[in-house]
Amino acid sequence: MNLFDRMLEEVRGAIARLAEAGQLPPDLDLGRVTVEPPRDPDHGHMATNAALVLARTARRRPMELAEDLARELGGAPGVREARATAPGFVNLRLEDAVWLEQIRCVLEQGEDYGRTDLGAGITVNCEYCSANPTGPLHVGHGRGTVYGDALANLLAFAGYRVVREYYINDGGGQVEVLARSLFHRYREILGDDPGPLPPDAYPYPELIPVARRIAEEDGPVWLGQPEEAWRERFARAGSEAMMARIREDLAALGVRFDVFTSERRLIQEGRIEEAVRRLEEQGHVYVGTLPPPKGKPVEDWEPNPQLLFRASAFGDDSDRPLKRANGAWTYFAADLAYHYDKFRRGAPLLVDVWGADHGGYVKRMEAAVAALTGGKARLVVKLCQMVHLYRGGQPLRLSKRAGSVLWLRDVLEQVGRDVFRFMMLTRKNDAPLDFDLEKAVEQSRDNPVFYVQYAHARICSVFRHAEEAGMPTDRRRLIAAPLDQLRDPGELALVRTMAHWPRVVVGAARHFEPHRIAFYLHDLAGALHALWTRGKEDDALRFVIPERPQVTLARLAMLAAVRQVIARGLRIMGVEPVTELQ
RNA sequence: GCGCCCGUAGCUCAGCCGGAUAGAGCAUCGGAUUCCUAAUCCGAGGGUCGUGGGUUCGAAUCCCGCCGGGCGCACCA
C-alpha cells in the first residue's frame, strides 16, 4: 500500500474513533475524503479535506472538526505533526524516516514498486493503431500507436490483464481501391499503358514492388480482364504486403500486438449476421429511411430504406445504417460485430484508440456495445488529436495527393524511437501536438526526453564513479544502507517526489492518461538535477564521498531507488533508459 | 443547424475525484562550471484561468448560456 493510502486509512481510523466517542455521527460517507500532497509544500507533506467534507452532515464547524482530527492524527504512527488550518484542512508532516523507508521499498520491490491492483485482474482489450492495410504507417498513426501502447503498459502495471489488439480493415472499399491502384501499376509494369493514375488511387511508390511481384508470378493473365476477375487477387496481395510493411513499422516503433483480427475473416465467418441477429432478437433493428444529412448538402442523396440499428435508444443522436442502399454491410456493421467478438473473447473493458476525425463515431459504437452486451461491457474510446509537423519552426506541408507523405519509418530514422515515443506522450491525448523534427534531433535543452534521460544517465555515472572509488554498490548492501544519513532538505524533497510514483500510476491508469507519467518523470528528474548541482557548490552534498562511507551508501541507495523509478516510468512509455549520454 | 474536443503567462502546455497564494518548459533579464556529465542548476519579471451566470465552506476544475478555434455529420473507412 502506498503512503497516501496508508494515511487515508489513518484518517478513517481517526474518524471512527471520533464517532465512537460520540463526537461524530456513525456511518458517515467517507467517499469524498482524500489525502493528497498540498500544492504549497509549506503546508506540509500531505493534507486531508476530511473535516471540510464531513462538516455538513456531521453538523460540526469545519475548523473544530479539523482540530479534533488533528489531535487524533497527531498520535498516528509516522506522523510528526498534524495541524488544522483554515478553512478546515488538516496538514500532516510525516517523520523523515517514513519517507526514507520508501527507498528501501523501491530497492526491495524493484520493477514492482508502484504496481497496484486497481485493475483487479480484469481483462481489458486495448485496440490501437488499426491502420488500414493500404500503406505504411505515417506520423499520425504513430501518435495513436504510441499512446495505445503506453496505455496498455500502464494498465498492465496497474493490475489489469491486457490484450493488445490490431483490427485489420481488409474487408471494405479501401482494399478495393488498393487493388485498383495495384492493377494500375501492374499494367504499367507490363507495358499496357493505363494512362495517368486515377485521383482516388493510392500514389505511393511502395505499391510498385508489390505489383511487380504479381506480374512476375502471374504474368499478363489479368490484362484485359474485368475487375471482378482480378480484384480479389490484387486486394489480397496488396493488403498482405502492406500489413507486412506495417508490422515492420510497428517493430521499428517497438510495438507488439497479441492479436491481429481481420475484418475480412469476421465477414467470412458470418460474424456480422450473428451480431445483427442478436440485435434483432432484442428489437434494436428495423428497416427505415434516415433523414438527409445536416452538414454540407449531399448532391446524390436519395431517401432509401435501409437496415438500421436503433442507436438513438442508447444515447446516439440518430439511428445508424447496418446495410447500404445496395444491400452490402456497412463498415459499422462489421465494427459492431468486431466489438461483440472482443467482448465474447472475455474482455468486459474495451479501450479503443482512434484519431480525432473519428469522433463522430464514438456514440454509435458505445451504443452498439451497450446493446450487444446488455451493458455488461464498458467501451472507452480515447481520441488522439492531430500531430502538426514542423521542421525548424516551419510547418511541414504534406499532401497525400502529391504523394509527399512523411512515413513514420522515415521519422523514426531521423529522430530515433525513444525520442519519438517520449514526444508523443508529452501532451494529453485530446490536445493537438506539435512535433518539430529538427528540435527532436537537435537534442537541445528544450527537449524533455533528454532532460529525463540525462537524470538516469547521471545516476549511472555516479555509480560508475562509486565503483571506481571502491564503494559497495550491490543491491544487498544498498537495501541495508543507513537511510537516516539522509538529512538534507533537497534529499528529502527528492525522496518525497519519488514516493509519489505509486500515486501517479493510479491517477494515470484511472484516467487512461499515460502522459502523466512523462510529466512526473520530468519533475523527478528536476529534483535530481537540483540536488546534483548543490553537490557542485557544497562538497558535503556530493553523492560519493569516500571518507564518509555511511553517507555515501545511503545516497547511493537513494539514487538507485530514483533510477529504478525513472527506468520504470520510461519503460511504461516504451522508452529505453540510457546509461550514458555523449 | 447538430454532436464531440479545446480555450490557463509573450509562445507551447501541465493542473490529479472541486481545495489553500494557479505551475512547468521555451523566450527575456541576472547569476552559478578547480571537483560525481553545464544536455544542468539558482533567481527575477510575466496570468481577470475566453466570457456571463449557477451550484457551495470553497470553482481553472462541476452545470447552463454566449464568444472563439478544431474535428465530424446517410449509402466511405
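General remarks:
- Scanning region A:324-350 for residues that are surrounded by fewer than 19 Cβ atoms within 10 Å (Cβ to Cβ) and within 11 Å of RNA strand B (Cβ to nearest atom) yields A:Arg324, A:Ala325, A:Asn326, A:Gly327, A:Ala328, A:Thr330, A:Tyr331, A:Phe332.
- Within region A:85-108, the set of residues being in a loop (DSSP other than H, G, I, E, B) and either at positive phi or within 34 Å of the chain's Cα centre (by Cα) (or both) comprises A:Gly88 only.
- Set A:Leu8, A:Leu30: member being under 32 Å from the mean Cα position of the chain (by Cα), assigned to a helix (DSSP H, G or I), over 15 Å from A:Arg496 (Cα atoms) and within 13 Å of RNA strand B (Cβ to nearest atom): A:Leu8
- Condition met for A:Thr552 (free of Cβ contacts under 8 Å to residues at least 12 places away in the same chain, under 18 Å from A:Pro489 (Cα atoms) and assigned to a helix (DSSP H, G or I)): no
- Enumeration of residues in region A:45-73 that are in a loop (DSSP other than H, G, I, E, B) and surrounded by 18 or more Cβ atoms within 10 Å (Cβ to Cβ): A:His45, A:Asn49, A:Arg60
- Tabulated pairs, region A:44-59, first touching a residue at least 60 places away in the same chain (Cβ under 8 Å), second more than 8 Å from RNA strand B (Cβ to nearest atom), C-beta under 8 angstrom, 6+ apart or interchain: A:His45/A:Leu92; A:His45/A:Arg93; A:His45/A:Leu94; A:His45/A:Trp99; A:His45/A:Arg496
- Being away from RNA strand B (no atom under 14 Å from the Cβ), among the polar types (S, T, N, Q) and surrounded by fewer than 19 Cβ atoms within 10 Å (Cβ to Cβ) holds for only one residue in A:Gln550, A:Gln564, A:Gln582, and it is A:Gln550.
- Selected residue [within 11 Å of RNA strand B (Cβ to nearest atom) and either assigned by TED's automatic domain parsing to the domain that holds A:Ala554 or surrounded by fewer than 19 Cβ atoms within 10 Å (Cβ to Cβ) (or both)] from A:Asp42, A:Asp117, A:Asp112: A:Asp42
- Test result for A:Val353, under 30 Å from A:Asp436 (Cα atoms), of a type in the set (A, V, I, L, M, F, W, C), more than 10 Å from RNA strand B (Cβ to nearest atom) and touching a Phe, Trp or Tyr at 6+ places or on another chain (Cβ under 6 Å): yes
- Whichever residue in region A:177-202 is under 21 Å from A:His138 (Cα atoms) and surrounded by fewer than 17 Cβ atoms within 10 Å (Cβ to Cβ) and, among such residues, is nearest to the chain's Cα centre (by Cα): A:Asp200
- Close pairs (6 angstrom Cβ cut-off, 6 or more residues apart or separate chains): assigned by TED's automatic domain parsing to the domain that holds A:Arg563 in region A:537-549, more than 8 Å from RNA strand B (Cβ to nearest atom) and of a type in the set (Ser, Thr, Tyr) anywhere: A:Val544/A:Thr552; A:Ile545/A:Thr552
- Restricting attention to region A:328-374, the residues that are over 18 Å from A:Glu263 (Cβ atoms) and more than 23 Å from the chain's Cα centre (by Cα) add up to 5.
- Whichever residue in region A:205-229 is out of contact with any helix residue (DSSP H, G or I) (no Cβ under 8 Å at 6 or more places or on another chain) and part of a loop (DSSP other than H, G, I, E, B) and, among such residues, is surrounded by the most Cβ atoms within 10 Å (Cβ to Cβ): A:Gln225
- Pairs meeting the criteria (first residue in region A:225-243 and at pLDDT below 95, second residue loosely packed, with under 13 Cβ neighbours inside 10 Å, beta carbons under 6 Å, at least 6 apart or on different chains) are lacking.
- Subset of region A:344-367 [in contact with a strand residue (DSSP E or B) (Cβ under 7 Å, 6 or more places away or on another chain) and hydrophobic (A, V, I, L, M, F, W, C)]: A:Ala347, A:Leu349, A:Leu350, A:Val351, A:Val353, A:Trp354, A:Ala356, A:Val362, A:Met365
- Per the conditions (1) buried (at least 24 other Cβ atoms within 10 Å of the Cβ); (2) farther than 23 Å from A:Ala560 by Cα, the sole criterion not satisfied by A:Ile103 is (2).
Condition check ((1) farther than 23 Å from A:Arg534 by Cα; (2) more than 25 Å from the chain's Cα centre (by Cα); (3) surrounded by fewer than 19 Cβ atoms within 10 Å (Cβ to Cβ)) across all residues:
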| site | (1), (2), (3) |
| --- | --- |
| A:Phe435 | yes, no, no |
| A:Val441 | yes, no, yes |
| A:Phe450 | no, no, no |
| A:Val462 | no, yes, no |
| A:Glu467 | no, yes, yes |
| A:Pro472 | yes, yes, yes |
| A:Ala480 | yes, yes, yes |
| A:Val505 | yes, no, no |
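- Of all residues in region A:158-198, those satisfying the criterion of being touching a helix residue (DSSP H, G or I) at 6+ places or on another chain (Cβ under 8 Å) and of a type in the set (S, T, N, Q) are A:Asn169, A:Ser181.
- Helices (runs of 4 or more DSSP H) fully within region A:422-516 counting 2 or more residues that are in the same structural domain as A:Leu559 (by TED's automatic domain parsing) and more than 8 Å from RNA strand B (Cβ to nearest atom): A:448-468, A:475-479, A:489-499, A:501-510
- Candidates A:Ile572, A:Ile479, A:Ile566, A:Ile517 - the one that is in contact (Cβ under 8 Å) with a residue 12 or more places away in the chain, in contact with a His (Cβ under 8 Å, 6 or more places away or on another chain) and either under 17 Å from A:Arg458 (Cβ atoms) or not basic (Lys, Arg) (or both): A:Ile566
- The one condition from (1) at negative phi; (2) in contact with a strand residue (DSSP E or B) (Cβ under 9 Å, 6 or more places away or on another chain) that A:Val504 does not meet is (2).
The values are calculated or read from the model by the stated rules, or taken from the named source; none is laboratory data. Bear in mind the structure is a predicted one, so any value in this text is a computation, not a measurement. Neighbour counts run over all protein chains shown; Cβ positions are idealised from the backbone, glycine included.
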